[in-house]
Amino acid sequence: MTSVAVVTGASSGIGAATARRLAAEGFHVLAAARRTDRLADLVAEIAAAGGSATAVACDVTSDDSVAGLAAAAAAAPGPVTLLVNNAGGARGMDPVETGSVGDWQWMYDVNVLGTLRVTQALLPALEASGAGTIVIVSSTAGFTVYEGGGGYTAAKHAQTAVAGTLRLELCGRPVRVVEIDPGMVKTDEFSLVRFDGDADRAAAVYAGVPDPLVADDVADCVAWCATRPHHVNVDRLVVRPLAQAAQHKVHRVG
């Protein structure tokens, strides 16, 4: 039977790229996100390329919505062997002193509690498959802090803690846990969301950076980790563009 991969946050960016790549690898992909119009286009694109996917409306901040995702997974055309917890995001660049509590709450709910909700809902199916894999797409912000990033780095540090704790707790059971930590990735929406739609501020993040990572680069990492022999667990994969030596060290042309 065809293995099923569940990808959250699949309507754009890394999630959409990962759904395309996993479909090309032979998975039936459950592409989950809030924006069903975008999911419909993605599923049609995957089908036109010879792949197989199903759109599932899902808001990872809602218990009921995640329960619906679990129901869709139970009805999928094969065992669920892969979960990619990709849904997440950042809001704001304010210092801790003046940071918005609402923005911090949103980042924690989406990045951390969203991962918790979806993992809890799908873990029984992943374990029942006998060869489950949970991929958590976190960030280099999960182990490095920077000014203005307190809310996001706090959420990503917590998400990293979830991944590490889960790996310990699942030891001896047939489910591996992979954490992927991208650095600077230029996507359509990440910085736009962070800066509340301010296109100039979003563009400035990548100004002068030769060849930042793109969504397909991270999708390639997800696919590589997920397709290793099941006894191989890639605990943590850190990936940055060549121009970014560290969070605070970025080469910019001009």
Rounded to a whole number, the Stokes-Einstein D of region 167-249 in µm²/s (Kirkwood radius over Cα pairs; 20 °C; 1.002 mPa s) is 145
re region 34-167: pairs of Cα atoms spaced beyond 23 Å account for a percent value of 41
What share of Cα pairs, in percent, lie more than 32 angstrom apart in the chain?
-> 17
Residue of Cys225, Cys58, Cys171 that the Gaussian network model of the chain assigns the largest fluctuation, springs spanning Cα pairs under 10 Å = Cys171
Where the convex hull is taken over the Cα atoms of region 8-68, what is its projected area averaged over directions, in nm²?
-> 3.6
Considering only protein heavy atoms, what per residue accessible area in square angstrom results for region 137-254 with a 1.4 angstrom probe?
-> 50
Given springs between every Cα pair under 10 Å in a Gaussian network model of the chain, which of Met107, Met184, Met93 has the largest fluctuation?
-> Met93
Ordering Leu30, Leu113 by how much accessible area each has at a 1.4 Å probe, largest first, what is the list?
-> Leu113, Leu30
Can you pull a Stokes-Einstein diffusion coefficient for region 97-159 at 20 °C (1.002 mPa s), Rh from Kirkwood over Cα pairs, as a whole number of µm²/s?
-> 165
Debye log10 I(q)/I(0) at q = 0.16, 0.25, 0.31 Å⁻¹ for region 203-254, Cα point scatterers | -0.59, -0.98, -1.22
Applied in sequence order to region 197-213, the curve 6.51 cos²θ - 1.76 cosθ + 1.60 (Karplus, θ = phi - 60°) yields integer Hz couplings, x standing for Gly and Pro, of x, 6, 5, 5, 5, 5, 5, 5, 4, 9, 4, x, 7, x, 6, x, 4
Give, as a single signed number, the net charge of other residues whose beta carbon lies under 14 Å from the beta carbon of His157, with Lys and Arg counted +1 and Asp and Glu -1.
-> 0
Enter the Cα centre distance for the pair region 83-134 and region 181-240, rounded to the nearest angstrom.
-> 16
The long-range amide H neighbours of Thr81, using H built 1.01 Å from N in the peptide plane and a cut-off of under 5 Å, are Val4
Per-residue [θ]222 nm for the chain (sum of -39500 (n - 2.57) over DSSP H runs n ≥ 4, rounded to 500) | -12500 deg cm²/dmol
Summing +1 per Lys or Arg and -1 per Asp or Glu among the other residues with Cβ less than 13 Å from Val96's Cβ gives -4
Carbon plus sulfur fraction of accessible area for region 207-252, probe 1.4 Å, in percent | 55
For region 136-180, the Debye formula with one identical point scatterer on each Cα and no solvent gives log10 I(q)/I(0) at q = 0.22, 0.29, 0.30, 0.33 Å⁻¹ as -0.68, -0.95, -0.99, -1.11
With a probe of 1.4 Å, find how much accessible area region 1-103 has per residue, and write the answer as a whole number in Å².
-> 43
Carbon and sulfur together cover what percent of the accessible area of region 1-131 at a 1.4 Å probe radius?
-> 52
What residue among Ala32, Ala19, Ala74 shows peak mean-square fluctuation when the chain is described by a Gaussian network model with Cα springs under 10 Å?
-> Ala74
Nearest 5 is fine: what % of DSSP beta bridges in region 127-254 come out antiparallel, could you say?
-> 15
Enumerate by residue number the GluC sites (Glu not before Pro) in region 136-216 meeting two conditions: DSSP loop (anything except H, G, I, E, B), and at most 15 other Cβ atoms within 10 Å of the site's Cβ.
-> Glu147, Glu189
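The values are calculated or read from the model by the stated rules, or taken from the named source; none is laboratory data. Source: prediction; values computed, not measured. Counting neighbours? That spans all protein chains shown, and the Cβs are built from the backbone with ideal geometry, glycine included. Ligands, DNA and RNA are excluded from the accessible area calculation, which covers all protein heavy atoms including side chains. Shrake-Rupley method; radii C 1.70, N 1.55, O 1.52, S 1.80 Å.
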